[in-house]
Amino acid sequence: MTAKKICFTLLFLLSASPVFAETPASLVSGYAADAGKTTPGFTPSVQRGQAFFTREWGISQKMPNCTVCHGKNLKVDGKHVVTDKRIAPFSPAVNSERFTSFSKVEKWFKRNCTEVVGRECTDAEKADFIQFVSQGV
């Protein structure tokens, strides 16, 4: 095989390799590991995640908690209270694209935590939240 054919074959194989997406479990593990640096023994909790999701933060009258836009049923569409835009279901069980990109997850945590919670969320809160949503509650 010539060097040109070898290079072409290698380029083809590299371009054909799958793009590795995140999973809810890998995101939870990553956030939990980071949370464990400041809270040794941290373990993600569905109960804390649910409490975070339903808590009345009091920062915004229009968006006092996550359920205002996302609803209480994580398996159905939500609707943004200000823009009226559809929000795809939170549950990865019905929305296979949810929690598959670290950069998208970070983008939305930053935006939503700032608007609803009044600050950026901690790694522990992110781990708890994704753990809750992933359980399909």
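The values are calculated or read from the model by the stated rules, or taken from the named source; none is laboratory data. Just so it is clear, the structure is predicted and the values come from calculations on it, not from any experiment. Cβ atoms come from the backbone with ideal geometry, glycine included; neighbour counts cover every protein chain shown.
Structure notes:
- Residue in the stretch 23-33 that is outside any helix (DSSP H, G or I), loosely packed, with under 15 Cβ neighbours inside 10 Å and at pLDDT below 95 present: yes
- Only residues that are crowded, with 18+ Cβ neighbours inside 10 Å, of a type in the set (A, V, I, L, M, F, W, C) and outside any helix (DSSP H, G or I) were counted in the stretch 88-136, giving 3.
- Contact annotation: residue pairs with Cβ atoms under 6 Å, 6 or more positions apart or on different chains, pairing a residue in the stretch 97-116 that is in contact (Cβ under 8 Å) with a residue 40 or more places away in the chain and over 16 Å from Asp128 (Cα atoms) with a partner that is aliphatic (A, V, I, L, M) and surrounded by 14 or more Cβ atoms within 10 Å (Cβ to Cβ), are Glu115/Met63; Val116/Met63.
- Boolean, Asp77 is of a type in the set (Asp, Glu) and touching a residue at least 12 places away in the same chain (Cβ under 8 Å): yes
- Test: Asp128 is of a type in the set (Asp, Glu) and over 11 Å from the mean Cα position of the chain (by Cα): no
- Test: Val46 is within 15 Å of Phe129 (Cα to Cα), modelled with pLDDT of 95 or more and aliphatic (A, V, I, L, M): yes
- Ser45 being under 19 Å from Pro24 (Cα atoms) and surrounded by 14 or more Cβ atoms within 10 Å (Cβ to Cβ): yes
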